[in-house]
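What follows is one structure encoded as structure tokens, with my remarks underneath.
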Number of protein chains: 2
Amino acid sequence: MEITDSIKDLFEPELMEEILAVGKKKTAKEGEVIINIGQRLLFMPIVLQGTVKVSMMQPDGRELLMYYLSASEGCAMSFTCCMQEAKSEIMAIAEEDVEMWMIPVEYMDSWMHKYPSWKSFVMRTMQNRFYEMLRALDMVVFNGLDVRLANYLREKSKITGKTVLNVSHEEIANDLASSRVVISRLLKKLENDGKVLLYRNQIKLLKDF
Amino acid sequence: MEITDSIKDLFEPELMEEILAVGKKKTAKEGEVIINIGQRLLFMPIVLQGTVKVSMMQPDGRELLMYYLSASEGCAMSFTCCMQEAKSEIMAIAEEDVEMWMIPVEYMDSWMHKYPSWKSFVMRTMQNRFYEMLRALDMVVFNGLDVRLANYLREKSKITGKTVLNVSHEEIANDLASSRVVISRLLKKLENDGKVLLYRNQIKLLKDF
């Protein structure tokens with residue numbers, strides 16, 4: 001796959017040329033840590049293929065899921081970290097095999113002025129992530145999504161006659177008109193509460209559920 | 001009050017001079033709409049005194065509380081709107097009398113390069129809001145804050161022997177180690193559900209509660 005395939009429509013031709021000239025491709029295998037907390041960010045990634053899971057640490061050491069990055073998406077947090085020349089406060093893990101285009105951080109600033117499409121990309125990324133988080137918060141507070149999720153899982157178990165459900169977090173999110181982040185969080189809570197066990201694309205409902 | 005009192009430590013002296021030279025003071029009375037959805041943002045506000053409530057519209061027309069701005073804070077959303085030269089997607093209302101310093105949007109860009117303190121201010125604002133939202137989401141999902149809030153209100157009512165409680169959302173947030181945004185959201189849900197009535201710094205518990 002050419003890098004231009006997934007991001008060529010995002011940027012003006014002159015910027016695409018620079019991106020190709022100064023950046024480099026990086027791959028990561030499923031489960032691989034791409035960037036860890038405390039590391040210095042020297043490159044800003046744009047995902048070409050696959051999915052990256054971005055998390056931060058809670059003060060209590062618990063991992064806190066922020067969002068997933070898919071093809072043609074950049075990381076909102078790495079923008080702010082790079083721009084402040086700060087150490088990473090986030091952890092990025094390849095949730096499945098990924099290809100990324102890595103852009104050295106020293107270009108981020110000058111491109112903000114030079115290329116309107118870059119400024120738009122950075123600002124849009126920040127804004128979208130922000131809205132996503134906000135809608136997730138609103139949905140959880142207002143719609144009792146935990147209850148809807150539990151009903152959904154029980155119903156699915158009844159229909160299939162099985163306690164092990166073959167369903168991904170993404171599918172559930174689509175079915176419940178929610179986001180994968182929220183569903184993952186609620187499933188994790190069910191696991192913490194001893195109600196389910198979570199496997200890759202499988203959920204086992206325990207007796208207590 | 002001098003504008004320099006609340007924001008002088010944020011910016012380097014050269015930038016403070018520019019801010020004073022190109023900006024202007026604006027005041028708004030409690031309840032006044034400062035910026036509405038669809039308006040073009042010509043100025044970027046920094047709050048000097050008072051509190052501004054920032055909301056957006058849900059697709060269903062419901063107002064969605066984003067955050068509150070206090071002294072020395074800028075609006076994360078107005079940065080992205082300004083930088084994209086977009087119409088405002090947010091509504092800002094004076095929650096109490098406010099004084100703001102309004103900076104014409106045309107300076108935002110060049111200051112990002114010229115003044116490290118400005119770049120830091122913008123990026124820090126975005127990042128802080130983002131983390132705040134994230135922690136709020138986590139707290140609601142993991143801690144069953146709705147249950148804790150209900151218990152808290154019942155307990156307060158029992159102690160005082162009254163069904164009208166003199167307490168602000170901020171005080172409740174402090175008592176429950178939560179954020180005002182989340183508490184306001186949960187109280188609003190209780191009101192929607194016919195459990196309470198909300199007044200300024202007062203909450204009336206209804207029979208159903």
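The values are calculated or read from the model by the stated rules, or taken from the named source; none is laboratory data. Computed from a predicted structure; not experimentally measured. Cβ sites come from the backbone with ideal geometry, for glycine too, and all protein chains shown count toward neighbours. Just the protein is used for accessible areas: all its heavy atoms, side chains included, with ligands, DNA and RNA removed. Shrake-Rupley method; radii C 1.70, N 1.55, O 1.52, S 1.80 Å.
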Worksheet entry | Top-ranked residue in the range B:113-129 [being surrounded by fewer than 20 Cβ atoms within 10 Å (Cβ to Cβ) and within 9 Å of chain A (Cβ to nearest Cβ); ranked as farthest from A:TYR131 (Cα to Cα)] | B:HIS113
Worksheet entry | Unique residue being under 25 Å from B:ASN143 (Cβ atoms), surrounded by fewer than 22 Cβ atoms within 10 Å (Cβ to Cβ) and outside the structural domain of A:GLU170 (by TED's automatic domain parsing) when the list is A:GLU96, A:GLU63 | A:GLU63
Worksheet item: Taking only pairs six or more apart or across chains, which ones have beta-carbon atoms under 9 Å, a first residue in the range A:111-132 that is small (Gly, Ala, Ser), and a second residue that is open to solvent by 20 Å² or more (accessible area, probe 1.4 Å)?
Response: A:SER117/A:LEU10; A:SER117/A:GLU12; A:SER120/A:LEU10; A:SER120/B:GLN84
Worksheet item: Cβ-Cβ below 8 Å, separation at least six or inter-chain, first residue in the range A:136-161 and over 18 Å from A:SER184 (Cβ atoms), second among the aromatic types (Phe, Trp, Tyr) and not in a helix (DSSP H, G or I): which pairs?
Response: A:ARG154/A:PHE209
Practice prompt. Count, please, the residues in the range A:60-89 that happen to be part of a loop (DSSP other than H, G, I, E, B), farther than 15 Å from B:ASN128 by Cα and out of contact with any Leu (no Cβ under 7 Å at 6 or more places or on another chain).
Written response: 6
Discussion item. I need the full set of residues from the range A:68-112 which are within 9 Å of chain B (Cβ to nearest Cβ) and among the hydroxyl-bearing types (Ser, Thr, Tyr), in order please.
Written reply: A:THR80, A:SER110
Worksheet item: Can you name the residue in the range A:104-142 that is out of contact with any Ser or Thr (no Cβ under 9 Å at 6 or more places or on another chain) and among the acidic types (Asp, Glu) and is also nearest to B:ALA86 (Cα to Cα) among such residues?
Response: A:ASP109
Worksheet entry | Residue check for B:ILE46: in contact with a Cys (Cβ under 9 Å, 6 or more places away or on another chain), assigned by TED's automatic domain parsing to the domain that holds B:TYR107, at pLDDT 90 or above and crowded, with 22+ Cβ neighbours inside 10 Å | yes
Worksheet item: Which is at pLDDT below 85 and either open to solvent by 50 Å² or more (accessible area, probe 1.4 Å) or within 17 Å of the chain's Cα centre (by Cα) (or both), of B:GLU155, B:GLU132?
Response: B:GLU132
Item to complete: Might you let me know whether the range B:20-36 holds any residue that is over 22 Å from A:TYR131 (Cβ atoms) and either hydroxyl-bearing (Ser, Thr, Tyr) or not assigned by TED's automatic domain parsing to the domain that holds B:ARG124 (or both)?
Response: yes
